Amino acid sequence: MKLMLNINRKSYSLIVTVIILMSSCRQQSLPNSLEAINIINKDCPIELDIYDIVDSISYIPLETSEKCLLGELQRTKRDGDFYFVEDTKGLFVFGKDGRFLNEIGHKGNAPGEYLYMDNFYLDRKNKQVCIINNVQKRILRYAYDGTYISMSYLGDKDANIESAMLCDGGELLAFYPLPNDLFHVDSEYRVFREKGDTLVSERIMDAKALTTKDAFYPFLYFPMVTFNNKYFLASVFSNELYQYENGKTFPVYHVDTSATIPDEAFLDEHKDLDFFELLKIMNQRNIGTGITALEASSDYLFALIDNRKTLVWDGEKGILISTTYNSDLNLYSSLLTGGSSDEHVGYLSAEFFCEKKEDSAGSKALSELADSLSEDDNPVLFQYHFKKDAVKSLMEKYKL
């Protein structure tokens, strides 16, 4: 580099540093205003036994009866002693012991009925279940016993909600799928407030310049959580955690996992490319997808990174986990419960337990559960009960 022959060593080092930073076109720099989450083992995720991090696991066999024969579960949520379970046929309520209680609403076009359920959320303060019906541009509310209560209308531009979370102040946060040929959405997130019988929205985060063409694809299935009395949001192709407060969203934390993610220049270069083709290119170039799901318990925030690793963060320190092993069931899995819940309520089929009878023989409770089931019974819910100071104990056990 002939131009640099007469530059002193200090200036040369500074220029080289700047060039290196600028050339890292797909590695996002850390904005000065963001706090990096302290990940103890960011370069070496650990595999652990599930009982390294949980005190116990509750298994709740859902009652099987002619009134409620469930198919594959879509979503599950919990409020106290109530479990809300959605499958392709409807939304059903079960008690803490798995006893079937009632259905929430019915499919149909009569008052208090819905043609299609895109998702649902809970209003825990008022003990209501809220069904999102984008087709009819409305949200229907029911009591926990299934009694229809009321309905609010959505505007045309708003009726494409993928998932929603209710804030304590009554504001509704809504996440939208990626833009496609049918829905040219301008928002990744909007906030809704009630105005009479209508929910009025305001954009709080712009949609990414991406397209899934003729496919409907949200990419982030559980992008919002409440943790430490704050509302956190994930964004497509980002390692940043956003916070919602007073009608605004803003990035507050950066998850540094040493993985590159697509920057604005890369996305702009491929903005007209089908999203699934874009994912192939990213995979070929070892470019990550960032945070792809969020969950939270009373003590921890969990973030799925690149759909592979799970971050467990206690608000001060974090640990990356590659996979977990349930020794009671001889089962390897991700720590996050999968595509059914954002509250650490997962499910396993009755057939699975029947096949695992020999593996569960070491646990009296699981052995009795397996003996009580037939392969065609309704699924079994499970919920993790996490240890206190789990991050600290994992650091000590694995010498991190």
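Across segment 349-400, what is the total count of residues that are of a type in the set (D, E, K, R) and either part of a strand (DSSP E or B) or closer than 30 Å to Ile39 by Cα (or both)? Walk me through how you get there before you give the answer.
From segment 349-400, those of a type in the set (D, E, K, R) are 351, 355-359, 364, 368, 371, 375-377, 387-389, 392, 396-397, 399; that's our starting set.
Checking which are either part of a strand (DSSP E or B) or closer than 30 Å to Ile39 by Cα (or both) leaves us with 387-389, 392, 396-397, 399.
Summing the residues that are of a type in the set (D, E, K, R) and either part of a strand (DSSP E or B) or closer than 30 Å to Ile39 by Cα (or both) in segment 349-400 gives 7.
Every residue, every condition in (1) at pLDDT below 90; (2) surrounded by 14 or more Cβ atoms within 10 Å (Cβ to Cβ), yes or no:
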| residue | (1), (2) |
| --- | --- |
| Tyr325 | no, yes |
| Ser340 | yes, yes |
| Val391 | no, yes |
| Met395 | no, yes |
| Lys399 | no, no |
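Looking only at segment 149-169, count every residue that is of a type in the set (Gly, Ala, Ser), surrounded by 14 or more Cβ atoms within 10 Å (Cβ to Cβ) and part of a strand (DSSP E or B) and tell me the total.
Filtering segment 149-169 down to residues of a type in the set (Gly, Ala, Ser) leaves 150, 152, 155, 159, 163-164, 169.
Right, trim to surrounded by 14 or more Cβ atoms within 10 Å (Cβ to Cβ) and you get 152, 159, 163-164.
Now drop any that are not part of a strand (DSSP E or B), which leaves 152, 163-164.
Summing the residues that are of a type in the set (Gly, Ala, Ser), surrounded by 14 or more Cβ atoms within 10 Å (Cβ to Cβ) and part of a strand (DSSP E or B) in segment 149-169 gives 3.
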Handout entry: Condition check for Ala303: surrounded by 14 or more Cβ atoms within 10 Å (Cβ to Cβ) and either within 15 Å of the chain's Cα centre (by Cα) or not in a helix (DSSP H, G or I) (or both)
Key = yes
Completion exercise
Scanning segment 316-335 residue by residue, the ones that are within 18 Å of the chain's Cα centre (by Cα), under 23 Å from Ala36 (Cα atoms) and part of a loop (DSSP other than H, G, I, E, B) total 1
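Let me confirm something: among Ile15, Ile46, Ile53, Ile19, which residue is at pLDDT below 95 and touching a helix residue (DSSP H, G or I) at 6+ places or on another chain (Cβ under 8 Å)?
Ile15
Residue by residue, here is whether (1) without any contact (Cβ under 8 Å) to a residue 40 or more places away in the chain; (2) out of contact with any helix residue (DSSP H, G or I) (no Cβ under 7 Å at 6 or more places or on another chain); (3) under 21 Å from Ala215 (Cβ atoms) holds:
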{"position": "Tyr142", "(1), (2), (3)": "yes, yes, no"}
{"position": "Gly146", "(1), (2), (3)": "no, yes, no"}
{"position": "Met151", "(1), (2), (3)": "no, yes, no"}
{"position": "Gly155", "(1), (2), (3)": "no, yes, no"}
{"position": "Asn180", "(1), (2), (3)": "yes, yes, yes"}
{"position": "His184", "(1), (2), (3)": "yes, yes, yes"}
Exercise for the section: Might you let me know whether segment 263-274 holds any residue that is crowded, with 21+ Cβ neighbours inside 10 Å, touching a helix residue (DSSP H, G or I) at 6+ places or on another chain (Cβ under 7 Å) and of a type outside the set (Lys, Arg)? Expected result: no
Handout entry: Residue pairs meeting the criteria (Cβ under 8 Å; at least 6 apart or on separate chains; first farther than 20 Å from Val191 by Cα and touching a residue at least 12 places away in the same chain (Cβ under 8 Å), in segment 201-219; second of a type outside the set (A, V, I, L, M, F, W, C) and not in a loop (DSSP other than H, G, I, E, B))
Key = Ala209/Asp268; Thr211/Asp274; Thr212/Asp274; Lys213/Asp274
Practice task
Among the candidates Leu267, Leu241, single out the residue that is among the hydrophobic types (A, V, I, L, M, F, W, C), at pLDDT 95 or above and touching a Leu at 6+ places or on another chain (Cβ under 9 Å).
Solution key: Leu241
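Only one of Glu63, Glu86 is out of contact with any Cys (no Cβ under 7 Å at 6 or more places or on another chain), closer than 17 Å to Asp123 by Cα, charged (D, E, K, R) and at pLDDT 95 or above. Can you tell me which?
Glu86
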Handout entry: strands (runs of 3 or more DSSP E) lying entirely in segment 170-263 (those with 2 or more residues that are β-branched (Val, Ile, Thr))
Key = 198-206, 224-227, 248-254
Handout entry: Hits in segment 207-259 (condition: within 17 Å of the chain's Cα centre (by Cα), within 19 Å of Ser33 (Cα to Cα) and not hydroxyl-bearing (Ser, Thr, Tyr))
Key = Lys230, Phe232, Leu233, Ala234, Asn239, Glu240, Leu241, Gln243, Val255
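The values are calculated or read from the model by the stated rules, or taken from the named source; none is laboratory data. Only a predicted model underlies this, so the values are computations on that prediction, with no experimental measurement involved. We place every Cβ from the backbone using ideal geometry, glycine too, and count neighbours over all the protein chains shown.
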